[in-house]
Amino acid sequence: MTQIEDGRRPVVVVLGVDRVPLPGLEPLADQVSLRFVASVPELEDALAEADVVFLNDNFRSPALRHAWARARRLQWVHLAAVGLDTVLSDGLAQSDIVLTNSRGQFDEPIAEYVLGLMLAFAKDFPTTFDLQHRHVWQHRDTENLAGKTALVVGAGGLGRAIGRVARAMGMRVMGAARTARTDDPDLVRIVAVAEIETVLPEADYVVVALPLTPDTRDMFGARAFAHMKPTARFINVGRGQLVDEAALIDALRSGRIAGAALDVFAEEPVPADHPLWDLPGVIVSPHMSGDFFGWAPALLELFVENFQRWRQGQPLLNVVDKQLGYIPSQAAGAEPAS
């Protein structure tokens, strides 16, 4: 059992709660002292007494960086999301505090979303919807996904789920990750990210499912887009900062690539005057690819399960390697989650 001095109840601070009590945390009611906060000042006040911080709102999670200096006896931070870039400050990375996230909860929903985006491009759904809105009957031929090549950049749980659904559609699948390998069960052939330019010309769809780290920031810029075929579509469900948006806009305007579907952006919400809203061949969605009906209870269930493990001194689920900035997978051949 995790040691709490004086036999007191551990203090669990929940950041990002608009209503109290939070449904789903009832199993902890008799075990902990819960404090609900929704702002940096509230977090600063609560953090001095916190043993555990549950970041329930990823959009407010940067508040932990601002309040970090107030932490005195913090042992564990859990994030109700997958991406760690908003949370993993130098102070947290260099501390002994355990960091966990919600890896695995969004893999299948996002993979389905990516499949929907590829189908939208192949079957030209945006044009169909626009013509319907204008009451225009215009017959067109469309593409098949079967036989097309999908390059999935990132071979963690999300990348593998994307690879599986793409293969189910009859697509040829390749992956890109830190290390190259062949005969991968989900992505078939994986090339090293350092060699990605050798396979970009083969891809009809380039799907980015990487975490944001210093090594991956701005990974897709003018050079990468220049290696893609002019009929290729670019899909990003990783992090907005993986992409040089100015270079992407230039590639779309110049016809170096045929289209892009983006669920993540360098700045969110995307400003109303941003050129990506109106560029032909672009699908913009508001960071929603993983948000299925029931996602919030699922994330709470994971936190409650992890809390019981923490309280009993058992290994936690989804422990982050804070130096790498992601969770090293225990599965053979697997790579970081997105």
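Looking for whichever is within 13 Å of ASP107 (Cα to Cα) and either in contact with a Leu (Cβ under 6 Å, 6 or more places away or on another chain) or crowded, with 17+ Cβ neighbours inside 10 Å (or both) here; the options are ALA166, ALA177, ALA161, ALA150. Which one fits?
Numbers: ALA166 fails: within 13 Å of ASP107 (Cα to Cα); ALA177 fails: within 13 Å of ASP107 (Cα to Cα); ALA150 fails: within 13 Å of ASP107 (Cα to Cα).
When all the criteria are applied, what remains is ALA161.
Just wondering, is there one or more residues in the range 235-252 that are in a loop (DSSP other than H, G, I, E, B), surrounded by fewer than 20 Cβ atoms within 10 Å (Cβ to Cβ) and at pLDDT 95 or above? If you could, list the steps in order and put the result at the bottom.
Within the range 235-252, the first condition is being in a loop (DSSP other than H, G, I, E, B), and the residues that meet it are 237-239, 244.
The next check asks that each one be surrounded by fewer than 20 Cβ atoms within 10 Å (Cβ to Cβ); those that pass are none.
No.
Go through the range 106-128 and count every residue that is under 17 Å from VAL264 (Cβ atoms) and in a loop (DSSP other than H, G, I, E, B). Summing the residues that are under 17 Å from VAL264 (Cβ atoms) and in a loop (DSSP other than H, G, I, E, B) in the range 106-128 gives 1.
Every residue in the range 45-102 that is in a helix (DSSP H, G or I) and among the charged types (D, E, K, R), please. I'd like the intermediate steps shown before the answer.
Of the residues in the range 45-102, the ones in a helix (DSSP H, G or I) are 45-47, 63-70, 90-93.
Scanning the range 45-102 gives ASP45, ARG65, ARG70, ASP90.
Scanning the range 226-246 for residues that are within 22 Å of the chain's Cα centre (by Cα) and either of a type in the set (Val, Ile, Thr) or under 14 Å from LEU200 (Cβ atoms) (or both) yields ARG233, PHE234, ILE235, VAL237, VAL243. For LYS229, the conditions (1) assigned to a loop (DSSP other than H, G, I, E, B); (2) basic (Lys, Arg); (3) surrounded by 24 or more Cβ atoms within 10 Å (Cβ to Cβ) are fulfilled apart from (3).
Among all positions in the range 22-32, there is no residue which is under 24 Å from TYR326 (Cβ atoms) and either touching a residue at least 12 places away in the same chain (Cβ under 8 Å) or not in a strand (DSSP E or B) (or both). Taking ASN144 and the conditions (1) over 14 Å from the mean Cα position of the chain (by Cα); (2) surrounded by 15 or more Cβ atoms within 10 Å (Cβ to Cβ); (3) closer than 16 Å to VAL165 by Cβ, which numbered condition does it fall short on, given that it satisfies the others? So the condition that ASN144 fails would be (2).
Restricted to the range 155-179, and to residues there that are charged (D, E, K, R) and under 19 Å from THR216 (Cβ atoms), the residue that is farthest from the chain's Cα centre (by Cα) is ARG178. When GLN132, GLN138 are checked against the criterion of being touching a Leu at 6+ places or on another chain (Cβ under 8 Å), outside any strand (DSSP E or B) and farther than 27 Å from PRO211 by Cβ, a single residue qualifies: GLN138.
The values are calculated or read from the model by the stated rules, or taken from the named source; none is laboratory data. Since we're looking at a predicted model, the values are computed, not measured. Positions of Cβ are generated from backbone atoms using ideal geometry, with glycine treated the same way; all protein chains shown enter the neighbour counts.
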